[in-house]
Amino acid sequence: LDSNRELLEFYGRVAKTGVPGQIDSYLEPLDMWFSISAYCPQKGFFVAIFDVITERKKAEETLRESEEKFRSLAEESPNMIFINKRGRIVYANMKCQEMMGYPREEFYGTQFDFLKLIAPQSRDRVKQNFMKHLANEEVPPYEYTLVTADGKPIEAIHTTKVIDYEGEVAILGIVTDITERRRAEAALHETNENLEALIQSSPLAITMLDPAGRVQIWNRAAEQIFGWKAEKVLG
């Protein structure tokens, strides 16, 4: 119940403020975790996109229980999982090798600079969050752009936790690829823009009211036919 209430408040905040957001939510009937991103295509409305992150959550829970179980699960995970200790990558799962194009032995090399995996526009943010972890501060999941060995960008959500690894403080990172989701959002945005252009260019009066009876759409033809400007009618 509390989770549902939090989710409804999140949707309402996005629809009201127009500020996009992201939240993790557990749906008990499905026994699944979701990363939910929402944005506001029009005031009073929201679009939500769900990513399944159950494996990521299981990986975090498993690490708390057993490093051996963690490694077994990490190798099978669809997400990139790594451990950074003192600025060096000391563990990277097979998905890191597959997605980033570097052999794991290169990740572990003493001269390997993990910042070369980060797109220039994201490096400052990654450095800042790395320093926060060193100061024992929690860092919420955040988005950044990775760059593969062959220069391909990958849009990702980075979840990090401070852990004890082999008796020292280290950072566990779980990276979720959201490149396809970003493409879907761009396609939805383009569709909304095309629909708006179609509505405004129509010779027919087109209007739309919400459940409370407030006008949400009032095109140019409606202005001409009824004599009311959109800014006087909307809302």
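The values are calculated or read from the model by the stated rules, or taken from the named source; none is laboratory data. Please read these numbers as outputs of a predicted model, since none were measured by experiment. FYI the Cβ positions are ideal-geometry reconstructions off the backbone, even for glycines, and counts take in every protein chain you see. What goes into the accessible areas is simple: the full protein's heavy atoms, side chains included, and nothing from ligands, DNA or RNA. Shrake-Rupley method; radii C 1.70, N 1.55, O 1.52, S 1.80 Å.
Some notes on this structure:
- Each of G167, I81, Q121 was placed along the dipole of the chain (beta-carbon charges, centred on the mean Cα), and the one lying farthest toward the positive end is Q121.
- Relative contact order of the range 94-235, taken over Cα pairs closer than 8 Å and 6 or more residues apart, is 12 percent.
- Probing with 1.4 Å while keeping every protein chain in the model, the per residue accessible area of the chain equals 60 Å².
- For the range 128-202, size of Cβ-based charge dipole, Lys and Arg +1, Asp and Glu -1, in debye: 80 debye
- Amide hydrogen proximity for E143: with H placed 1.01 Å from N in the peptide plane, the residues at 5 or more positions away or on another chain lying under 5 Å are H158.
- Rounded percent of accessible protein surface that carbon and sulfur make up, the chain, 1.4 Å probe: 54 percent
- Computed [θ] at 222 nm, helices only, for the chain once each DSSP H run of length n ≥ 4 contributes -39500 (n - 2.57): -13000 deg cm²/dmol
- Size of charge dipole - the chain - debye, nearest 20, with Cβ of Lys, Arg +1 and Asp, Glu -1, no other charges: 820 debye
- Overall form of the range 1-131 per C-alpha gyration tensor (a/c, 1.5; a/b vs b/c): oblate
- With every protein chain in place and a 1.4 angstrom probe, the accessible-area ranking of F70, F112, largest first, reads F112, F70.
- Principal axes of the range 1-71: Cα extent on each, largest first, Å: 49, 23, 17
- A 1.4 Å probe, protein heavy atoms only, puts the accessible area of R214 near 120 Å².
- Of the whole protein surface, L134 contributes about 100 Å² of accessible area at a 1.4 Å probe radius.
- Listed by chain and number, the lysines whose alpha-carbon sits under 18 Å from that of K152, ignoring those within fewer than 8 places in the same chain, are K95, K116.
- Heavy atoms of Y91: accessible area, 1.4 Å probe, square angstrom to 10: 10 Å²
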